[in-house]
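What follows is a short report on a single structure.
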Amino acid sequence: MKYCAVICELNPFHNGHEYIFRRAREVSGCDGLIALMSGSFVQRAVPASIDEYSRAECALRLGADIVIELPAVYAVASGEIFARGAVDILNTIPGMSHLVMGAENADKPLMERIAHIRASNDAAFSAALSSALGDGLTYARALTRALSEALHDVPSDRTEALLTCPNNILAISYAQALAATDSRIAFVPVQRAKDETRYSSATALRSDITERDEEAYMPPEARGIWRKEKTGDLSYGFGLLVMAALRERPLSEIAAAPDCAEGFEYKLKALARSCSGFGELMSVVPTSRFTRSRIMRICLQTLLGMTRDMQHCGYANARLLGVREDAKDMLRDLPANIVIGKRGEATVPSEHMRCFAAERRASDIWSLIACRPCDFYRRLLVVR
């Protein structure tokens, strides 16, 4: 059997996701499509709009054969760690031949050149990046400048155009992870659909889904699940828990968060105690070196008890969320590190139980702020 993977969040599932699933099958010629999907929290370090099983059901009804949960320790990490953790898991699956992702500009040759530069720790590039950071640029701007210098034979506007789009940047991180692991999996960026009457990004849908015609941007099956399962605004409850963690946890625990560095824990804790709420905190704490997205990750990582070593310990256990009824035979190809049900927890190595515990904690916290019962050990979702 030959498998193709799409790494996704589906928050919420929209027509663009269905398009990528369809294109993934077309370009790979695969026997089975596996969605590796973020769980209770997404990479922006906020709670998912609906629970992971409902999003998995959308995926299974609209193109995927199997849905596996990307562990929280990677799902709420920087782009490089997010990609590396996902690729490490995909590398364990026999028959995995293609990784397909949507990109604003599917410039595969340039993406692979950039990935090679970053994966090889090129000395000139590293020096240029350090220099740009020393000039006070944000990491994103420093990276763009350093890569433009390294790719001296490529017009700078071509490089900059590629690096200003979030899906392009994530695609490059996937290519970098594949190169760094000497993976057999083919890197396949696909141009995202541009018909604005049918396709919208998940970001746009989250921001004004009440004002848009949902039917124009979400497949009917996904729209029905969304309307049934959406939780409303989870930011208030989430903010309370984060503020409590920042105020009460010792500095050493905040400092241990993977994205924390340079003594930033002192500033973050002091402001958490002086600010009246999470919204005020996030309005005053960002800097050029510590962007809002990075600070959000530090806050969530602290809440979930994640530490730097957890992202680099080789953790590759991931929960199986669901499967199509007609694809059950494919489950025989899944390796032992894919955790199936409560009994599957016994397969997690003892040295990695902290990572698995963070996954369970993420699920429990999401259910608390969404006012839902704990559902971590729900039965395997089977869609007919």
Residue list for the range 228-249, restricted to those being on the phi < 0 side of the Ramachandran plot, modelled with pLDDT under 95 and part of a loop (DSSP other than H, G, I, E, B)
LYS230, THR231, ASP233
At least 1 residues that are modelled with pLDDT of 90 or more, in contact with a Leu (Cβ under 8 Å, 6 or more places away or on another chain) and closer than 30 Å to GLY95 by Cβ in each: list the helices (runs of 4 or more DSSP H) lying fully within the range 127-207 that qualify.
166-180
With the requirement that a residue be touching a Gly at 6+ places or on another chain (Cβ under 8 Å) and under 23 Å from VAL154 (Cβ atoms), what does the range 80-125 give you?
GLY102
Checked against (1) among the hydrophobic types (A, V, I, L, M, F, W, C); (2) part of a strand (DSSP E or B); (3) not assigned by TED's automatic domain parsing to the domain that holds SER363, ILE114 satisfies every condition except (2)
Looking at the range 352-360, is at least one residue surrounded by 14 or more Cβ atoms within 10 Å (Cβ to Cβ), in contact with a strand residue (DSSP E or B) (Cβ under 9 Å, 6 or more places away or on another chain) and not aromatic (Phe, Trp, Tyr)?
yes
Which of the residues spanning the range 159-180 are of a type outside the set (A, V, I, L, M) and more than 19 Å from the chain's Cα centre (by Cα)?
THR159, GLU160
If you go through LEU60, LEU90, the only one that is more than 30 Å from ASP309 (Cα to Cα), at pLDDT 95 or above, out of contact with any helix residue (DSSP H, G or I) (no Cβ under 8 Å at 6 or more places or on another chain) and crowded, with 21+ Cβ neighbours inside 10 Å is LEU60
Taking the range 310-320 and keeping only residues that are within 20 Å of ARG378 (Cβ to Cβ) and crowded, with 24+ Cβ neighbours inside 10 Å, one is left with ALA318, ARG319
Every listed condition ((1) assigned to a helix (DSSP H, G or I); (2) farther than 25 Å from ARG55 by Cβ) holds for ALA261 save (1)
State which residue pairs qualify: first residue exposed (fewer than 12 other Cβ atoms within 10 Å of the Cβ) and inside the range 118-141, second residue part of a loop (DSSP other than H, G, I, E, B) in any location, beta carbons under 6 Å apart, and separation of 6 or more residues or different chains.
GLY136/SER288
Go over the candidates ARG44, ARG55, ARG23 one by one and state the one that is closer than 21 Å to ARG324 by Cα, touching a residue at least 24 places away in the same chain (Cβ under 8 Å) and surrounded by fewer than 22 Cβ atoms within 10 Å (Cβ to Cβ).
ARG23
Let me spell it out: the conditions are (1) farther than 14 Å from ASP259 by Cβ; (2) among the polar types (S, T, N, Q); (3) buried (at least 17 other Cβ atoms within 10 Å of the Cβ), and THR307 meets all of them except one. Which number is the exception?
(1)
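The values are calculated or read from the model by the stated rules, or taken from the named source; none is laboratory data. This one's a predicted model, so the numbers in the text were calculated from it and none came from an experiment. Ideal geometry is used to build each Cβ from the backbone, glycine not excepted, and the neighbour counts take in all protein chains shown.
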